[in-house]
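Participant: Before we start, here is the structure in question, set down as structure tokens.
The values are calculated or read from the model by the stated rules, or taken from the named source; none is laboratory data. Please read all numbers here as calculations on a predicted model, not as lab measurements. When we count neighbours, we look across all protein chains shown, and the Cβ atoms used for this are built from the backbone with ideal geometry, even at glycine. Side chains included, ligands, DNA and RNA excluded: accessible areas come from the protein's heavy atoms. Shrake-Rupley method; radii C 1.70, N 1.55, O 1.52, S 1.80 Å.
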Amino acid sequence: MVDRVESPGTSCAVHVAAPVSRVWELVTDIALPARLSPELYRVAWLDGADRAAPYARFEGFNRNDVLGEWRTVSYVVELVEPRVFAWAVTDADGRYGAPTSDPARPMATWRYELAPEDGGTRLHQSVVLGPARSGVDLAIDRWPDRAEQIVATRLADLRAAMATTLDGIAALARH
């Protein structure tokens, strides 16, 4: 893994014209991002789970023109109803290095935060990469002189995907 002083991350936020309870219902439905995201295309709860709960696991299937296709296993690491939903993404298949299923050392940590705002909800989504290896690290291994550009490009792609997902959630919440 690339030596990082800080794990890089990005975030996006949107005002949703719906109550926090409705937005919470949408963001904790792990199947919803697969309908909205340009990268995540399928998810499923594991171990008999059927909803967000502390330590619940789910697998996600992603595809990207540059990175190809890959599977992840995520762990719900924070759940404060109806304010915070966060999950740590691990590389259970070892695509980017040694297989790992330790949510304390994820490839990425994703987080939704909800707060009442102007009669609706302020919905904030964020991601922090690392500390475990990911596709970013594979690219940096290949082109170490372009590390900053690789990280910046990946973060820009993730932020654009978040904006698409948040806009979709906002549209669904109004209906």
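Participant: Count the net charge of all other residues whose Cβ sits under 15 Å from the Cβ of residue 79, scoring Lys and Arg as +1 and Asp and Glu as -1. Walk me through the numbers before you get to the answer.
Facilitator: Working: positive: 51, 57, 83, 111; negative: 25, 29, 50, 78, 81, 113.
Charge balance in the 15 Å sphere: -2.
Participant: Something else now. Starting from the amide H of residue 39, placed 1.01 Å from N in the peptide plane, find each other amide H under 5 Å away whose residue is 5 or more places distant or on another chain.
Facilitator: Here the answer is none, since no amide H 5 or more places off falls under 5 Å of that of residue 39.
Participant: Working with all protein chains in place, sort 155, 172 by solvent-accessible area computed with a 1.4 Å probe, largest first.
Facilitator: 172, 155
Participant: I'd like the accessible area for residue 141, computed on protein heavy atoms only with a 1.4 Å probe and all protein chains in place. Round to 10 Å², please.
Facilitator: 90
Participant: Moving on to the next point. Where does the charge balance sit around residue 69 when Lys and Arg score +1, Asp and Glu -1, over other residues with C-beta under 15 Å from its C-beta?
Facilitator: In short, -1.
Participant: Place the peptides 110-119, 73-82 in order of packing, highest mean first, counting for every residue the other Cβ atoms within 10 Å and averaging per peptide.
Facilitator: Numbers: 110-119: 15.6, 73-82: 17.8.
Ranking the peptides 110-119, 73-82 by packing returns 73-82, 110-119.
Participant: Still on this structure, please answer the following. With point charges of +1 on the Cβ of Lys and Arg and -1 on the Cβ of Asp and Glu, referenced to the Cα centre of the chain, which listed residue (101, 112, 143) lies farthest in the positive direction of the dipole?
Facilitator: About the Cα centre, the residue reaching furthest to the positive side is 112.
Participant: For residue 55, what charge total do you get from the other residues with a beta carbon under 11 Å from its beta carbon, if Lys and Arg give +1 and Asp and Glu give -1?
Facilitator: With Lys, Arg at +1 and Asp, Glu at -1, the net is -1.
Participant: Then there is this: Let's see if you can work this out: charge +1 on each Lys and Arg Cβ, -1 on each Asp and Glu Cβ, no other charges. What is the dipole magnitude of the chain about its Cα centre, in debye to the nearest 20?
Facilitator: It works out to roughly 180 debye.
Participant: What number, in percent, do you get for the relative contact order of region 47-175 if the mean sequence gap of Cα pairs under 8 Å and at least 6 apart is divided by its residue count?
Facilitator: 14
Participant: What are the principal axis extents of the Cα atoms in the chain, in Å, biggest first?
Facilitator: Here the Cα extents, ordered largest to smallest, are 48, 35, 28 Å.
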